[in-house]
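Following: one structure in structure tokens, then a few remarks.
Please treat every number below as a calculation from the coordinates, not as lab data. From a predicted model like this one, the values you see are computed outputs, not experimental measurements. Cβ atoms come from the backbone with ideal geometry, glycine included; neighbour counts cover every protein chain shown.
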Amino acid sequence: MAASITLFEQKGFSETSIQDIVDMLGVTKGTFYYYFKSKEELLMDIHLRYIEALLENQKRIIEDSTKTIKEKVFEIVYMLIHNIEKQGRQARIFFREMKHLNEDHLKKIVEKRDLFRYNLQLLIEEGMRNGEFRDDLPPSIATLTVLGAANWSYQWFQPDGKLSDFEVAKHMVSILLEGIEKK
């Protein structure tokens, strides 16, 4: 799987052949087909592992009764950015190569991605009800704004850059929740 992720990131899913994968691993095509029916099934497995790990971590964050809603939103944004630092290749594959999944596989991934969004939206709605967040905004737009900013960071975040993943998440949540307008 790691070899495939490396190749998919470097060459793209379409340009990577099963032969490329087995050559990198030093195994035969028979070995590949023992574990996967197709290259697309391998891509699906990469997608499933990525989104299921995010959902599991999101659930842990949401269920933490010791944190405020704002702290939980920060934790989710930090998790997404930290995940890009730790699993940047897999994140890029997830967002960039989803278009290569067949209809049934895509439906499963989209359902899980939508569950992640829905869970965050419920959290934001709770923050609106309890007074932590403004209640004059559509929760769906607030949710998509948070996710859009955090998920797009796979394109620009540099783990070895000037700011750490924690600092980026802190600034991002501050901008998302407090804005950039001078007070």
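A few remarks follow.
- For segment 83-112, the residues whose backbone nitrogen is under 20 Å from a point 7 Å from the Cα of GLU15, taken along Cα to Cβ, are 88-101.
- Separation of segment 128-183 from segment 27-81 is 21 Å, based on Cα centroids.
- Distances between every pair of Cα atoms in segment 1-58, grouped in 10 Å steps from 0 to the bin holding the largest one, split as 22, 52, 21, 5 percent.
- As a ratio to 2.2 N^0.38 Å, the alpha-carbon radius of gyration for the chain is 1.17.
- Cβ charges +1 (Lys, Arg) and -1 (Asp, Glu), total dipole of segment 51-100, debye: 220
- Under a model in which nothing but the beta-carbon of Lys, Arg (+1) and Asp, Glu (-1) is charged, the chain shows a dipole of about 140 debye around its Cα centre.
- When the Gaussian network model of the chain links Cα atoms closer than 10 Å, the mean-square fluctuations of TYR78, TYR33, TYR154 top out at TYR33.
- Helix-only CD estimate at 222 nm, as mean residue ellipticity for the chain, using -39500 (n - 2.57) per DSSP H run (n ≥ 4): -24500 deg cm²/dmol
- Average projection area in nm² (convex hull over Cα atoms of segment 94-182, one quarter of hull surface): 7.5
- Candidate membrane-span-like segments in the chain, meaning DSSP H helices with Cα atoms spread over at least 18 Å of their own axis and a Kyte-Doolittle mean of 0.5 or above, are 165-178, with no membrane implied.
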